[in-house]
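> Can you keep this structure in mind? I'll have questions shortly.
The values are calculated or read from the model by the stated rules, or taken from the named source; none is laboratory data. Predicted, not measured: the structure shown is a model, and the values here were computed from it. Methodologically, a virtual Cβ is constructed for each residue, glycine included, from the backbone with ideal geometry; neighbour enumeration extends over all protein chains shown. What goes into the accessible areas is simple: the full protein's heavy atoms, side chains included, and nothing from ligands, DNA or RNA. Shrake-Rupley method; radii C 1.70, N 1.55, O 1.52, S 1.80 Å.
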Amino acid sequence: MQHIDSQQINHDIPARVSYLQSFLLFEPATDGPLLNSTKPVLAPILDVIVDSVYDHLLEYDITAAPFARAQTSDQQSVSVSQLDGFHENIKFRKDFLKRYLIKLVDNTDWTPESRFWDYLDRVAKAHTGATDSGLKWRLHKPKLLVSYREISLLLGWVQNAVMDIVMGLDNLDLETRLKVVRALNKYWWLQNDLFARHYTKD
């Protein structure tokens, strides 16, 4: 039985990620390259994926509401009914999501010490309305406050969408596709925990 220091993993990201990876059986040396293998497939359709995500978010007023608020200092808050996929507030968020997905498929270090996990943790913190997230592009911008409920729902939706894409690949045998899907599944739960830690208290 391994000892996990519950206090340490509350503030030490490498220790937390090490525990998460161990529990979820995420192997950086094998699952990481499987995630990287999705780049040739996902990179050419990133715009389609991003558009699909925001089209879905705009189907519900409760998930669209965070984007009605001004996203930058030179934007105006608007009513939810004014939002569509071409609105400046939405285009700003689309650019952010695209950068996130590019970082995901480009990352080559999946060890617990990787700065990638620190980046994901700061992204999560920024969505709580925190102004000290350490993300340069959040400086001098209005607070970004999104409910954890909507965060977790979106992660689940994106997970399903990407898995559908992977399972539809004809150039990979079924065993390889299943391995990629398992690696993605572990990744989404790692990502989900890094969001949850900023919203929940023991």
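> For segment 38-47, state whether one or more residues are assigned to a loop (DSSP other than H, G, I, E, B), in contact (Cβ under 8 Å) with a residue 60 or more places away in the chain, closer than 27 Å to Asp170 by Cα and not charged (D, E, K, R). Spell out how you get there, then give the answer.
As a first pass, look at segment 38-47 and keep what is assigned to a loop (DSSP other than H, G, I, E, B): 38.
Imposing the further condition that a residue be in contact (Cβ under 8 Å) with a residue 60 or more places away in the chain reduces the set to 38.
With closer than 27 Å to Asp170 by Cα added as a condition, the list becomes 38.
Retained after the next criterion (residues that are not charged (D, E, K, R)): 38.
Checked against the condition, which is being assigned to a loop (DSSP other than H, G, I, E, B), in contact (Cβ under 8 Å) with a residue 60 or more places away in the chain, closer than 27 Å to Asp170 by Cα and not charged (D, E, K, R), segment 38-47 yields at least one hit.
> Can Leu34 be described as touching a residue at least 12 places away in the same chain (Cβ under 8 Å) and surrounded by 18 or more Cβ atoms within 10 Å (Cβ to Cβ)?
Working: touching a residue at least 12 places away in the same chain (Cβ under 8 Å): yes; surrounded by 18 or more Cβ atoms within 10 Å (Cβ to Cβ): yes.
Yes, satisfied.
> State all residues of segment 100-130 that are among the aromatic types (Phe, Trp, Tyr), under 18 Å from Ile9 (Cβ atoms) and open to solvent by 10 Å² or more (accessible area, probe 1.4 Å); if no residue qualifies, say none.
Once the filter is applied, which keeps residues that are among the aromatic types (Phe, Trp, Tyr), under 18 Å from Ile9 (Cβ atoms) and open to solvent by 10 Å² or more (accessible area, probe 1.4 Å), segment 100-130 yields only Phe116.
> Six or more apart or on different chains, Cβ atoms under 7 Å: show the pairs whose first residue is in segment 119-136 and farther than 16 Å from Gln191 by Cα and at pLDDT below 90 and whose second is in a loop (DSSP other than H, G, I, E, B) and of a type in the set (D, E, K, R).
Partner pairs satisfying both residue conditions: Gly129/Lys143; Thr131/Lys143.
> Another question, if that's okay. Quick check on Asp51: is it open to solvent by 80 Å² or more (accessible area, probe 1.4 Å) and either under 24 Å from Lys125 (Cα atoms) or at pLDDT 90 or above (or both)?
Details: open to solvent by 80 Å² or more (accessible area, probe 1.4 Å): no; either under 24 Å from Lys125 (Cα atoms) or at pLDDT 90 or above (or both): yes.
Taking the combined requirement at face value, the residue does not satisfy it.
> Additional query: Please tell me if Ala65 is surrounded by 12 or more Cβ atoms within 10 Å (Cβ to Cβ) and without any contact (Cβ under 8 Å) to a residue 24 or more places away in the chain.
Numbers: surrounded by 12 or more Cβ atoms within 10 Å (Cβ to Cβ): yes; without any contact (Cβ under 8 Å) to a residue 24 or more places away in the chain: yes.
When the stated conditions are applied, Ala65 passes them.
> A further question follows. Does Val78 fit the bill of being on the phi < 0 side of the Ramachandran plot, assigned to a loop (DSSP other than H, G, I, E, B) and either among the β-branched types (Val, Ile, Thr) or in contact with an Asp or Glu (Cβ under 6 Å, 6 or more places away or on another chain) (or both)?
Details: on the phi < 0 side of the Ramachandran plot: yes; assigned to a loop (DSSP other than H, G, I, E, B): yes; either among the β-branched types (Val, Ile, Thr) or in contact with an Asp or Glu (Cβ under 6 Å, 6 or more places away or on another chain) (or both): yes.
When the stated conditions are applied, Val78 passes them.
> From the list Phe67, Phe26, which one is closer than 19 Å to Trp189 by Cβ and in contact with a helix residue (DSSP H, G or I) (Cβ under 6 Å, 6 or more places away or on another chain)? Spell out the reasoning first.
Working: Phe67 fails: closer than 19 Å to Trp189 by Cβ.
Step by step, each of Phe67, Phe26 is checked, and only Phe26 is closer than 19 Å to Trp189 by Cβ and in contact with a helix residue (DSSP H, G or I) (Cβ under 6 Å, 6 or more places away or on another chain).
> Of the residues in segment 153-187, how many are within 12 Å of the chain's Cα centre (by Cα) and surrounded by fewer than 16 Cβ atoms within 10 Å (Cβ to Cβ)?
3
> Another question, then. Filter segment 85-109 down to the residues that are within 19 Å of Pro44 (Cα to Cα), in contact (Cβ under 8 Å) with a residue 12 or more places away in the chain and in a helix (DSSP H, G or I) and list them by number.
Lys94, Phe96, Leu97, Lys98, Tyr100, Leu101, Ile102, Lys103, Leu104, Val105, Asp106
> Could you give every pair whose Cβ atoms fall below 7 Å, whose first residue belongs to segment 1-27 and is under 18 Å from Arg182 (Cα atoms), and whose second residue is among the acidic types (Asp, Glu), counting only separations of at least 6 or pairs across chains?
Every condition considered, the pairs that remain are Leu20/Asp193.
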